[in-house]
1. Among the residues of the stretch B:125-138, write down those that are within 14 Å of another protein chain (Cβ to nearest Cβ) and on the phi > 0 side of the Ramachandran plot.
2. Look at A:ALA84 and say whether it is under 29 Å from A:ASP324 (Cα atoms) and assigned to a helix (DSSP H, G or I).
3. With respect to A:ALA160, determine if the residue is surrounded by fewer than 19 Cβ atoms within 10 Å (Cβ to Cβ), at pLDDT 95 or above and touching a Cys at 6+ places or on another chain (Cβ under 9 Å).
4. Taking B:VAL238 as the residue in question, decide whether it is under 24 Å from B:VAL79 (Cα atoms) and modelled with pLDDT under 95.
5. Yes or no: the stretch A:132-143 includes at least one residue that is over 23 Å from B:GLN189 (Cα atoms) and in contact (Cβ under 8 Å) with a residue 24 or more places away in the chain.
6. Tell me which residues, restricted to the stretch B:101-124, are within 11 Å of another protein chain (Cβ to nearest Cβ) and closer than 21 Å to B:LEU152 by Cβ.
7. What residue, among those in the stretch A:91-119 that are open to solvent by less than 10 Å² (accessible area, probe 1.4 Å), closer than 20 Å to A:THR161 by Cα and among the hydrophobic types (A, V, I, L, M, F, W, C), is nearest to the chain's Cα centre (by Cα)?
8. Select from the stretch A:158-194 the residues that are assigned to a loop (DSSP other than H, G, I, E, B) and more than 8 Å from every other protein chain (Cβ to nearest Cβ) and write down the one among them that is nearest to B:ARG69 (Cα to Cα).
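The values are calculated or read from the model by the stated rules, or taken from the named source; none is laboratory data. No experiment lies behind these values; they were computed from the predicted model shown. Because the Cβ atoms are built from the backbone with ideal geometry, glycine has one as well, and the counts that use them run over all protein chains shown. Please note that ligands, DNA and RNA were not included when accessible areas were found on the heavy atoms of the full protein model with its side chains. Shrake-Rupley method; radii C 1.70, N 1.55, O 1.52, S 1.80 Å.
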There are 2 protein chains.
Amino acid sequence: MVSPRGFSNLLSSARFAVRSASSGANLEKTTVAQFDLSAYMVDKAHLVNAALDRAAPLRYPERLHESMRYSLLGPGKRVRPTLALASCELVGGDQAAAIPVACALEMLHAMSLINDDLPCMDNDDFRRGRPSNHRAFGEDTAVLAGIALHALAFEHVAAATAGVPAERVLRAIAELGAAVGPEGLVAGQIVDIESEGKAVGLDVLEYIHLHKTGRLLEAAAACGAIVGGGTDAEVERVRRYARHVGLLFQVVDDVLDVTKTSEELGKTAGKDVASGKTTYPKLMGLDKTRAFAEELVRKAEKELHGFDGAMATPLRHLARYIADREN
Amino acid sequence: MVSPRGFSNLLSSARFAVRSASSGANLEKTTVAQFDLSAYMVDKAHLVNAALDRAAPLRYPERLHESMRYSLLGPGKRVRPTLALASCELVGGDQAAAIPVACALEMLHAMSLINDDLPCMDNDDFRRGRPSNHRAFGEDTAVLAGIALHALAFEHVAAATAGVPAERVLRAIAELGAAVGPEGLVAGQIVDIESEGKAVGLDVLEYIHLHKTGRLLEAAAACGAIVGGGTDAEVERVRRYARHVGLLFQVVDDVLDVTKTSEELGKTAGKDVASGKTTYPKLMGLDKTRAFAEELVRKAEKELHGFDGAMATPLRHLARYIADREN
């Protein structure tokens, strides 16, 4: 299985700069230019990291907890938790309501990365510049840490969410379960495995992306809006926003792989062509892929119309940043 | 790691007979003698199997769903789901309220068995007389099926439980998460792994049993009582009942290993001594172990006092059956 190119790592801090204003020719240019997406992301990540540290403290049996914390608290931009907090605030909620859901999203993400790296999956010895969990703790402990993070995610949302009607918390739990389960992330992974070395069409490529990386991003946005008290229509709008942004990330990734040098990317360029991987440029050509990316960012931005401008700013910036990124 | 000797398989149907009356010298002797535990268990298992079939239908991607259904719907006595249904009825609830929780318990149990059998864990090629999941579907698919069952368990409880106040459903979800997570089943497994080949004391032996097999049985009983509308005191009583019964099963298992022949057991006798495994007879001698088993069954029965006699009958029988079983 080809590993997703870490969505969480896209916001490489060194090159992180707000370039959105140059692309978005609209009346909010000034506001947009003044907003510092990098600082916003760092702020939210700090908040989430402190909550994660409290949610998964070092306890007996220590080895298990160390292994969980190694993957949970390691480097990462906390994109999914931040999306949940931003969506909660977008619909007028207090972000405190979304902190447990935000933590659960990162736990589920960490679980999926531990499993992705296993010898029977991608067999990766390294993750984010450090030994992968099974290389650091052994394969048996890594498997158990994955299960523990998975279970803790649901327990944490159910037990730690405060000030939110129980019906809403249940809806968020159902969202999280569906995003990971047999018609979610895992479905995308198995279709990816089954497609390896085969010529696949646009429908299968999109299915893999929408499930493997898209579903958890969708759930992040939807859960944030649900616990924040959004209407059904609002929840569906942020869900569609996240779906477009998730796909956009993959499409831009495919473009960068063929248009940039390894030096510019900070990782090996041309890997997709070399590995025979099916990509958007391969299926629809570079021009049409670029046009598709623009269409996705427009669709994502459109879903934010009608929400409070200030609260929508971070999400509008995130979409534009992903579209315009050069590595 | 030494595999638990399938709690679900204890009720081997061929030898399943109600012997409880001979041991329980009390006023309810007649009622007890008339109760058919075997038929009760078969009835509940049928109900649960039909619900599991509906909860995890065969869908795209088929291979993933086939792998999930292979472990979920395979042979087994559905002990945990039955415990949930019986506890729900014990506190006066309608068992329909506990069906989703019962399904979730079996999904979590199936997930733990898939993972137990993996090459990096017990490396078992067979489970319940059939190839283990990773032998039948490949290790990558088995790992993904485990994750899918895990996520589906929580989604299912959150989305499918009907006619139960949302607060209770949330409590049940927190129970299930805690039973599997870093201070539950997984904690027991890692301590078991760490204890391999070491001389451990009674405290560690009990920790392993209470977590590795006990916590999910406790959660089964507690969740059934919670969704059935039991009081806090009632929930704690059925939880303690399940804890005693779970430990009782392990203690009796240790006794049978040293007192019965392989022929009588239907499996290799003397395995514990041969493998150097720490057991109760090894630590406290055979007589004290037998006395401990009797103490556990008395404690389990005591927790059922005060509940409606007819509704407590199945659980009283189950405890006595486990104590008196000879294989």
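1. Just the residues of the stretch B:125-138 that are within 14 Å of another protein chain (Cβ to nearest Cβ), to begin with: B:132-135, B:137-138.
If the condition is that a residue be within 14 Å of another protein chain (Cβ to nearest Cβ) and on the phi > 0 side of the Ramachandran plot, then B:GLY138 is the only one that fits.
2. On the way: under 29 Å from A:ASP324 (Cα atoms): yes; assigned to a helix (DSSP H, G or I): yes.
Yes; evaluated as a whole, the condition is true for this residue.
3. Details: surrounded by fewer than 19 Cβ atoms within 10 Å (Cβ to Cβ): yes; at pLDDT 95 or above: yes; touching a Cys at 6+ places or on another chain (Cβ under 9 Å): yes.
Yes: the conditions hold for A:ALA160.
4. Numbers: under 24 Å from B:VAL79 (Cα atoms): yes; modelled with pLDDT under 95: no.
Spelling it out, it is not the case that B:VAL238 is under 24 Å from B:VAL79 (Cα atoms) and modelled with pLDDT under 95.
5. Step one: filter the stretch A:132-143 for residues over 23 Å from B:GLN189 (Cα atoms), giving none.
No, every residue in the stretch A:132-143 fails to be over 23 Å from B:GLN189 (Cα atoms) and in contact (Cβ under 8 Å) with a residue 24 or more places away in the chain.
6. Of the stretch B:101-124, the ones within 11 Å of another protein chain (Cβ to nearest Cβ) are B:104, B:107-108, B:111-112, B:114-116, B:118-123.
Listed by number, the residues that qualify are B:ALA104, B:MET107, B:LEU108, B:MET111, B:SER112, B:ILE114, B:ASN115, B:ASP116, B:LEU118.
7. Once the filter is applied, the top-ranked residue is A:LEU105.
8. Step one: list which residues in the stretch A:158-194 are assigned to a loop (DSSP other than H, G, I, E, B), which gives A:161-165, A:181-184.
Cutting the leftovers down to more than 8 Å from every other protein chain (Cβ to nearest Cβ) gives us A:161-164.
Details: A:THR161: 33, A:ALA162: 36, A:GLY163: 38, A:VAL164: 35 Å.
Taking the candidates together, the pick is A:THR161.
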